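All remarks here apply to the structure that follows.
Read the figures in this text as sums done on the coordinates, not as results from a lab. The model shown is predicted, which means the values in this text are computed figures rather than measured ones. Positions of Cβ are generated from backbone atoms using ideal geometry, with glycine treated the same way; all protein chains shown enter the neighbour counts.
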Amino acid sequence: MPKGAITVGRDLALTLVQADDDTAVRLHGDQLPPHTPKKKTSIKPRHQLKEPDTRVYVGDCRDVLPSLPDSKKVDLIFADPPFNWDVPYDEWKDGMPRTEYERFTYDWLDACVNVLSPCGSLWVNIPDDTAAEVVLHLKRRGLTMMNWCIWHFRFGQNRKSSFIMSKVHALYFVMEPLERIWNAEAVMEPSDRATVYFDPRTLAKDEHVGLRVPMDVWYGQYWGRIQGNNKERRALHHNQIPEVYLERVIRACSNEGDLVLDPFLGSGTTCTVARAIGRRSIGVEYSAGNAKSAFERIKEGPIRVGLAKGTSSAIFQPRKASAKTKASFADVGGAAEDALFPEDGSA
């Protein structure tokens, strides 16, 4: 039998970890020495809430993570780092020389890997120019890539010099593929086979009739960039990620009560969503001002959590279904039935 992508990916990661000096993968940032974390005998959160425990630390994540009391206990990490595009992130310098930025990237990735539990997952939201370096570094650290997802949005910045960028990479890595936390049922959506083609084979399944796990390109209502007058927009924050994106990641890769960490808290989306759906969370933010703003948002709660759950991502109009076909699907029930036959009668 073929090994399959997961087994092959795991074998590759182990090979890279065991490589000697002659065969090891060398990246541009390797020519600089690793960051030396500042030693701290104790570390306290700047902001904190209880039930579930929610902590916000202020500082450089490369210094904060090694000092956390939660080493090897973090179940899920979601990282949306600075892209080094010269964006004004308050106190953070977002215009490093390329070699320095790559070294910074490997250092914060290492800090994340070192606090993950054996069943933990690490997600990295990163653009084209650094995605390859992140993938190679995590593989040589022994992690296995489960998915290379794409967050697609319709309103990229207008340009004529090249095709308009309308995506960011969502890289999904795990410590141990067979031990990872994975909740497929929590993120299922109606399939095109059910909502567009009314394929009777969707009724033949023993469970999850008409549903599927989402594909690896993510788009749809509420999935766009958080810009302008978007209801989720937080003043003075840049590159904010939609709540539905974090909701999908957190529901799929953690359980209620698990610990979620964001090393670049920004506007606070990760901790806001995690808290709303019953997860403990830790946020680390370099800027004290941004950390305070994010904490206010965490206390206020999310705006759109749950609104996209179970909705169809089909891009084609449903084919015309016969009365017999509609009757055969009438007992599907739940989200699948709502998507199959919308109230406006488009099916």
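A few comments on the model shown:
- Proportion of all alpha-carbon pairs of region 50-198 beyond 20 Å (%): 59 percent
- Over the chain: helical MRE at 222 nm, DSSP H runs n ≥ 4 each giving -39500 (n - 2.57), nearest 500: -8000 deg cm²/dmol
- A dipole drawn for the chain from +1 and -1 charges on Cβ atoms has a positive end, and of Ile181, Thr269, Trp123 the residue lying farthest that way is Thr269.
- Backbone amide hydrogens, once placed in the peptide plane, bring Ser121 within less than 5 Å of Leu76, Ile77, excluding anything fewer than 5 places away on its chain.
- Largest first, the extents of the alpha carbon coordinates of region 55-99 on the three principal axes equal 34, 18, 17 Å.
- Listed from fewest to most Cβ neighbours within 10 Å, the set Arg98, Arg159, Arg234, Arg275 follows the order Arg159, Arg98, Arg234, Arg275.
- Each pair of Cα atoms in region 5-340 enters the Kirkwood radius, and Stokes-Einstein at 25 °C and 0.890 mPa s then converts it into a translational diffusion coefficient of 115 µm²/s.
- Diffusion coefficient, µm² s⁻¹, Stokes-Einstein with Kirkwood Rh over alpha-carbon pairs of region 194-317 at 20 °C and 1.002 mPa s: 133 µm²/s
- In the elastic network of the chain, a GNM with C-alpha springs shorter than 10 Å, the most mobile of Glu285, Glu207, Glu189 is Glu207.
- Region 5-340 - charge dipole about Cα centre, Lys and Arg +1 at Cβ, Asp and Glu -1, debye rounded to 20: 840 debye
- Debye intensity ratio I(q)/I(0), log10, region 1-89, q values 0.14, 0.17, 0.18 Å⁻¹ (C-alpha model): -0.90, -1.10, -1.14
- Region 211-253-region 295-319 distance, computed between alpha-carbon centres (Å): 8 Å
- Here Ser42 and Asn183 are evaluated by their C-beta separation; at R0 = 25 Å the FRET efficiency comes out at 0.10.
- Convex hull per residue volume in Å³, alpha carbons only, for region 195-254: 125 Å³
- Hydrodynamic radius of region 103-154 per Kirkwood, over alpha carbon pairs, in Å: 12.0 Å
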